[in-house]
Every structure is written in C-alpha cells, then in structure tokens.
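*Asks:* Mind looking over this structure? Questions follow.
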C-alpha cells in the first residue's frame, strides 16, 4: 500500500466534502437502489446475516477486510451511519433516528433476524436496536462498547471536537491516528482508511468524510442512561483493556451481567480501542460462535 505521507494520493482521490446522498452498494461499489443508509453488502445471499455497525467517525467499509478474509461465508450488511460516509448527513442525529435508519436498512437488506456486530458508538445503537426491535436481533457482539458514559467527560470531548474539528493536512491526521487509538492498527489498514475516508474541505483543510455536528451530537448521546437487551439475547462484550478511562464501565458490565446471566460472554483483550482491526481473528471466532 502507498504511504500517504510520501505521496499526494489523498489529494488526487479526495473530493471537496459535501453532504452525500444514500444508496446501497455491493462490495464492488455498484449502486443498487436508494435506501435509508449507504450500505456495503458482503458475502453470499442466503448466508447467516450480520448487521455490522461502525463507531463514531467511522464508515461501513471498515468491515470489508473481516467480511472477506475471516468470515466470507456470512452475509454482511454494513451501513454508513447517518452523518457518516456516504449516508445522509441530515438531522436528526439522536439515537432514535439512528435506530429508525437501522430498521429501514434491515427491512431493505435482511431476510430475518440478524447478529449485530458493533464497535464503540455502534454498540450503543446495537443495544438500543435490540431493546426497541428485539424480533430483528438474534444476538450481539459488542466490541469495546461505549454507552452510559460520564456526562462531564462527553461534554469535554464534544467541546474539543467543536474547537478542533479538522486537520491542517493528511500528515496531521495520520499523526493523530498513530499516536492515538490506531497505534496498533497495521499500516496497510491505516492507508486504506485514508484513501476511503479522508476528504478535502472548502477551507483548504482536511477531515474525515463525516458531519461534525452529527459527531458532536453523538458525544452527548453517549451520556444517556444505559439501555439493556432482552435477558434471553446471547451477547458478547469485548473490552479493550488499554483504553483509559474505559468505555466499558463497571456499571455497564454489572447491569449486563445481572440482566443476561449465562447469556453473557465477557472477554478482555490487551489492545487499544480499534478491536476489529487489531484482533480480527479473535473477533471473528467470537462472531462465528453466534452465527
């Protein structure tokens, strides 16, 4: 893969950031039809179905490697969440709007109840989806889930996002990734992230392909009270132990244990927050147990 610090590939492949329209696409990128969210589809039709939800500031294509390399025999439904990627950036951006989008996406692409595999903020949406539409969800795999977090902490992060919403250039964006939660992610994965997700703004700076107001709203939504799935729902929680302060709080773990009992599998990985990228084989093994 190319090194974006040594080439101008991001300049030649990026476009000035504008709010996109939404559609579904296959792994090849072919447009299918207009749907609630821009959705990547991987794997054979008729296979066990996975709804894959990315985290805050991410996009659905982050699941492509796992879908093609670790679990190619599953049917992956991987949307860009509202305010992210190539999905609509229009408000509202609250959790209820996200869940409604996900139900629409399942109506369009899923044949039956799905296993929801979710990372970070996506896990909060997965839990709300399971509580709101339990007939659409047959299990949860929550990768370093973020939900029910400290309001003061979320407020500070939201303020930082408002104060510094973008980057001078690709080098600054890469430095933040490498010295943050992406430090353990393979270089080729980071390069793909830049090619797919970094765009140039009209002000001459760069940012990820997302709506900053939607992201700021999401930080506030993560401070909402915990929501738990039905007690009978098989659920896996994976905590990334290098994340401090942890997204997986003691309150959340205790509430999930009390609610789910033997239906909960609690796993700890000695890694940073980007669990799907740095522990792909282990994550795939956990997913396969619930497929």
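Bear in mind that the values in this text are calculations on the coordinates, not laboratory data. Quick caveat: nothing in here was measured; it's all calculated off a predicted structure. A quick note on method: Cβ atoms are made from the backbone with ideal geometry, for glycine too, and the neighbour counts reach across all protein chains shown.
*Asks:* Please state the relative contact order of the chain as a whole percent: Cα pairs under 8 Å, 6+ residues apart?
*Replies:* 21
*Asks:* Between residue 45 and residue 282, what FRET efficiency comes out of the Förster formula 1/(1 + (r/R0)^6) with R0 = 25 Å and r the beta carbon distance, rounded to 0.05?
*Replies:* E(calc), rounded to 0.05, equals 0.35.
*Asks:* P(r) of the chain in 5 Å steps, Cα pairs, percent per bin?
*Replies:* Spelled out per bin, shortest first, that is 1, 6, 12, 17, 20, 19, 14, 7, 3, 1, 0.
*Asks:* Would you mind telling me the antiparallel percentage of the DSSP bridges in the chain, rounded to 5?
*Replies:* Here the antiparallel bridges make up roughly 25 percent for the chain.
*Asks:* Continuing with this model, one more query. Against the longest principal axis of the chain, how steep is helix 212-221, in degrees 0 to 90 to the nearest 10, with axes from Cα atoms?
*Replies:* Roughly 30 degrees, rounded to the nearest 10.
*Asks:* Output needed: percent of Cα pairs per 10 Å distance bin for the stretch 89-162, bins running from 0 to the one holding the longest distance.
*Replies:* Bin by bin from 0 Å, the calculated values are 18, 46, 27, 9, 0.
*Asks:* To the nearest 0.05, how large is the calculated FRET efficiency for residue 179 and residue 242 if R₀ is 22 Å and r is the Cβ-Cβ distance?
*Replies:* The computed FRET efficiency comes out at 0.95.
*Asks:* Follow-up. How far is helix 280-290 tilted, in degrees, relative to the longest principal axis of the Cα atoms in the chain, given as a value from 0 to 90 rounded to the nearest 10?
*Replies:* Rounded to the nearest ten degrees, it is 30.
*Asks:* Oh, and also: Roughly how many Å is it from the Cα centre of the stretch 49-93 to that of the stretch 107-161, as a whole number?
*Replies:* Taking the Cα centre of the stretch 107-161 as reference, the centre of the stretch 49-93 is 12 Å away.
*Asks:* Also, I was wondering about something else. Helix-only estimate, please: 222 nm mean residue ellipticity of the chain, summing -39500 (n - 2.57) across DSSP H runs of length 4 or more and dividing by its residues, to the nearest 500.
*Replies:* Mean residue ellipticity, 222 nm, calculated: -10000 deg cm²/dmol.
*Asks:* Compute the separation of the alpha-carbon centres of the stretch 244-291 and the stretch 170-194 and state it in Å as a whole number.
*Replies:* 23
*Asks:* Ranked by Cβ crowding within 10 angstrom, fewest neighbours first, how are 41, 198 ordered?
*Replies:* If I rank by nearby Cβ atoms, fewest first, I get 41, 198.
*Asks:* Angle check, please: helix 250-260 long axis (alpha carbons) against the longest principal axis of the chain (alpha carbons), in degrees 0 to 90, nearest 10.
*Replies:* It works out to around 40 degrees.
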